[in-house]
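Structure, as structure tokens:
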Amino acid sequence: MVYGYIRVSTREQNEGRQLAALREQRIPERNIYRDKQSGKDFDRPQYRRLVRRVKKDDLLYVKSIDRLGRNYGEILEQWRVLTKEKGVDIVVLDMPLLDTRRGKDLMGTFLSDIVLQVLSFVAENERTNIRQRQAEGIAAARLRGVRFGRPPRPLPEGFPDACRRWKAKLITGTEAARECGLPLSTFRYRATHTGPPDPPP
């Protein structure tokens, strides 16, 4: 049997390229397994179903090596499970050298394992570099005054007066928050960060 596996992030990627590449291999649609995941969650129910289903001498296509895992160690572990424990052949379409149908002898397996380790490391290193560049870009933007996230909601009409009286200790924070229709924690935060300055003595 011939299978395909697709993994995409729900926020960052579209599965179109991977799906088109697998369809070119004439893989039956029912044998193409797809997982969509967020950046924080690596739960892959369809991949687990695929691993349970494949048998010795089945063939699995993936578009690129990093579809098998999120880091170097995980890619190597999944490769070992599929090829050594399950006896499945794997073809990585973006890297023709990673085709376990070729070179079934000791030398072929040895070379394939070396290429796999190098490519797994490169894939993880590139993801690390991308995250670092993103973090540096965000830090630089913040230094320039760029603000991220949703803009704060407009303050209630009576907020400035309530804030002044609260700062002058004429009313409690609870009373001020109630006047503004805000939770106490929200009132205190907005009063501290965006409230009017204390009136001059």
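The numbers here are math on the coordinates, done by the rules we state, and not lab data. Quick caveat, the model's predicted, so the values are computed rather than measured. Positions of Cβ are backbone-derived with ideal geometry, glycine not excepted, and every protein chain shown enters the neighbour counts.
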- Item | Extension reserve of the Thr128-Tyr189 stretch, reckoned as 0.36 nm per residue once the Cα distance is removed | 18.4 nm
- Note on the structure: Ranked on Cβ counts within 10 Å of their own Cβ, fewest leading, Thr100, Thr128, Thr83 go Thr128, Thr83, Thr100
- Task: Please arrange Glu179, Glu85 by counting, for each residue, the other beta carbons lying within 10 Å of its beta carbon, fewest first.
- Result: Glu85, Glu179
- Task: Would you kindly derive the ³J(HN,Hα) couplings of the stretch 162-172 from the backbone phi angles with the Karplus curve 6.51 cos²θ - 1.76 cosθ + 1.60 (θ = phi - 60°), listing them in order in whole Hz, with x for Gly and Pro?
- Result: 5, 5, 5, 5, 5, 5, 7, 6, 7, 9, 7
- Query: What is the sum of charges around Ile27, taking Lys and Arg as +1, Asp and Glu as -1, for the other residues whose C-beta is under 13 Å from the C-beta of Ile27?
  - Reply: +2
- Surrounding charge for Pro183, neighbours by C-beta under 15 angstrom, Lys/Arg +1, Asp/Glu -1, total +2
